[in-house]
1. Taking only segment 86-137 into account, find how many residues are in a helix (DSSP H, G or I) and more than 18 Å from the chain's Cα centre (by Cα).
2. Is one or more of the residues making up segment 92-100 surrounded by 22 or more Cβ atoms within 10 Å (Cβ to Cβ) and within 26 Å of Y290 (Cα to Cα)?
3. Answer yes or no as to whether E118 is of a type in the set (D, E), at pLDDT 95 or above and outside the structural domain of P191 (by TED's automatic domain parsing).
4. Scan segment 98-123 for residues that are in contact (Cβ under 8 Å) with a residue 40 or more places away in the chain and not polar (S, T, N, Q) and report the count.
5. Any chance you could count how many residues in segment 36-67 are of a type in the set (A, V, I, L, M, F, W, C), away from the ligand (no atom under 16 Å from the Cβ) and under 17 Å from G133 (Cβ atoms)?
6. What pairs can you find where one residue is in segment 143-161 and without any contact (Cβ under 8 Å) to a residue 12 or more places away in the chain, the other is among the aliphatic types (A, V, I, L, M) and not in a helix (DSSP H, G or I), and their Cβ atoms are less than 9 Å apart, with a gap of 6+ or different chains?
7. Give me the residue from segment 68-94 that is among the charged types (D, E, K, R) and farther than 28 Å from L178 by Cα and, out of that set, farthest from the ligand (Cβ to nearest atom).
Amino acid sequence: MKLSVSILFATLALSSAFVPSTGVASRSVAMDLVSTTEVTNPDAFTKPDRIIMEKLPTVYVYDHCPFCVRVRVALGLKNVKHIVSFMANDDIPTPTALVGKKIAPIFTFPEGDITMAESMDIIKLIDSDERFGPTGILKPSSGRTDLKEWQKSVQSTLRTLQRPRYVATGLLPEFTQLDARHAFIKGHQLPPYDKPEWREELAMEEKLKIYAESMATDPAPMVEELNAKLVELDDKVYSEHYCTEGGLSLDDIDLWARLRSITIIKGVQWPAGLRAYMENISELADVPLYDELAI
Ligand SMILES: N[C@@H](CCC(=O)N[C@@H](CS)C(=O)NCC(=O)O)C(=O)O
């Protein structure tokens, strides 16, 4: 990571859960005193004023869903008060009534009579419509392929580690009840199975057994592998505040949403700069990491 600013003060994020976050440069008195680089950084992200509409927009989500996290981060960065409605993972009627099929995220905006799916379309709308505050505050995607390639390179490892943990915590809102956990397991393969094999060739009892065995397996070797991949990623992430030179962009919306899921895995060692990146965007967007639930 090239820019090193506030890692020494990462612990501030702990207390910041209790105070409104009004922008990187004015996050707290302590931060102002120690973090002069931020104040002079022309690319620093300034969070706009809080927007509280009479009828709040709602985003229907699953907590673990990275596409849903993208929208939550965008609304958080735009400082738009909104309702986060967590659907159960086996709830078909709610999304179907809204957009005709089981999908998340779904965004509803009563003032504009808007109901829509597709995370990037939703984000495009909220960053181009003045009712959601100053427009164009999220820089466009850079088109970088290295971040996408990195994500692809860890896909199998992350599926193996994350998927059983999402359901095993029993604490994610979409998995509060057994039916919902089973619906997820039914549809989400664990490596080395591919989706068609998982869907068509395995009985439910077999799937449950594979998930249980996966949780019972020592994760240490895979976590080691992941730790090394995070060191690799740390070099690709430009600063503790955004991943691509020039400022906070849709690259961050995509990358951070994916990385957040990793925090469900206990014992991962984050390089200091990357960890600060995770905490900074978590605080700025008001979307929590999973640290307290990690298993
Ligand atoms: N392209 C969509 C993808 C959304 C998506 O695949 N969401 C998953 C959850 S992570 C989903 O709802 N899958 C259907 C299901 O769970 O039944 C977007 O970016 O919003």
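1. Residues flagged as in a helix (DSSP H, G or I) and more than 18 Å from the chain's Cα centre (by Cα) within segment 86-137 amount to 14.
2. Checking segment 92-100: not a single residue is surrounded by 22 or more Cβ atoms within 10 Å (Cβ to Cβ) and within 26 Å of Y290 (Cα to Cα).
3. Values: of a type in the set (D, E): yes; at pLDDT 95 or above: yes; outside the structural domain of P191 (by TED's automatic domain parsing): yes.
Considered against the rule, which asks whether it is of a type in the set (D, E), at pLDDT 95 or above and outside the structural domain of P191 (by TED's automatic domain parsing), E118 comes out as yes.
4. Qualifying residue count, segment 98-123: 10.
5. Result for segment 36-67: 5.
6. none
7. At the first step, the residues of segment 68-94 found to be among the charged types (D, E, K, R) are 70, 72, 78, 81, 90-91.
In the following step, the residues that additionally are farther than 28 Å from L178 by Cα were identified as 78, 81.
On the way: K78: 18, K81: 22 Å.
Among residues in segment 68-94 that are among the charged types (D, E, K, R) and farther than 28 Å from L178 by Cα, the one farthest from the ligand (Cβ to nearest atom) is K81.
Quick grid of which residues meet (1) more than 20 Å from L226 (Cα to Cα); (2) among the β-branched types (V, I, T); (3) buried (at least 18 other Cβ atoms within 10 Å of the Cβ); (4) out of contact with any Leu (no Cβ under 8 Å at 6 or more places or on another chain):
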site	(1), (2), (3), (4)
R144	yes, no, no, yes
E149	no, no, no, yes
R159	no, no, no, no
L172	yes, no, yes, no
Q177	yes, no, no, yes
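The values are calculated or read from the model by the stated rules, or taken from the named source; none is laboratory data. Please read these numbers as outputs of a predicted model, since none were measured by experiment. Reconstructed Cβ throughout: ideal geometry from the backbone, glycine too, with neighbour counts over all protein chains shown.
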